[in-house]
Amino acid sequence: MHLRIPFRFPAILALVLVGVAAAAGLTGWSLARADRVSTIGYVDTARVANEFPDMKAMRQQLEKETAAMQQEYDRNSASLSQEDKVKLFQEYQAKLDKKKEALVSAALAKVVQVTGDVAKKQGLTVVLEKQSVLYGGADITDAVIRAGGGQGRK
């Protein structure tokens, strides 16, 4: 049995970024302020997941943790019955899932903070995931990646 890490970071990141405007206090939208002009930006969450330094570091840490736990599991399960192997596997998978959750939360918090900072700096009131935008908006993906310490494309 092999421990696994399901990589669904772009989907998780998209959900987080949809809420970034509210979480970062960027919208400023209310019925009393309906005349306010919204400036919309968007982020390519797949690129951020692949190029943002904290996300890369998190994936590397998870890979290390997975490999170490796999070796430990292999060593500890060698002489166990199939039933005991399954129980031990479930314990190790639960430990790995807990570590993954902590690492992902920290990396996503950094992405949200940096996205909010970039949005404010560029005067944006709403930031969406790229796939949600059919027309218009400002692509701030490279600015977010660079602000997080990455290279970006531009």
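The values are calculated or read from the model by the stated rules, or taken from the named source; none is laboratory data. In this text, all values refer to a predicted model and were calculated from it rather than measured experimentally. No Cβ is skipped: glycine too gets one built from the backbone with ideal geometry, and neighbour counts run over all protein chains shown.
Values as computed for the structure displayed
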item	result
Pick from the stretch 86-109, criterion over 30 Å from G148 (Cβ atoms) and of a type in the set (A, V, I, L, M), ranking: surrounded by the most Cβ atoms within 10 Å (Cβ to Cβ)	L88
Filter result for A67 (among the small types (G, A, S), under 23 Å from R47 (Cβ atoms), assigned to a helix (DSSP H, G or I) and out of contact with any Ser or Thr (no Cβ under 6 Å at 6 or more places or on another chain))	no
So T45, is it of a type in the set (S, T, Y) and modelled with pLDDT under 90	no
Residue count for the stretch 107-129, restricted to those that are in contact with a Gly (Cβ under 8 Å, 6 or more places away or on another chain) and part of a strand (DSSP E or B)	3
Output for the stretch 133-154, where each listed residue is out of contact with any strand residue (DSSP E or B) (no Cβ under 7 Å at 6 or more places or on another chain) and either within 18 Å of V111 (Cα to Cα) or not in a loop (DSSP other than H, G, I, E, B) (or both)	D142, A143, I145, R146, A147, G148, G149, G150, Q151, G152, R153
Boolean, E83 is at pLDDT 90 or above, exposed (fewer than 15 other Cβ atoms within 10 Å of the Cβ) and part of a helix (DSSP H, G or I)	yes
Identity of the residue in the stretch 95-154, without any contact (Cβ under 8 Å) to a residue 24 or more places away in the chain and acidic (D, E), that ends up farthest from D44 (Cα to Cα)	D97
Given (1) modelled with pLDDT under 90; (2) surrounded by 12 or more Cβ atoms within 10 Å (Cβ to Cβ); (3) more than 18 Å from the chain's Cα centre (by Cα), number of the condition T66 does not satisfy	(1)
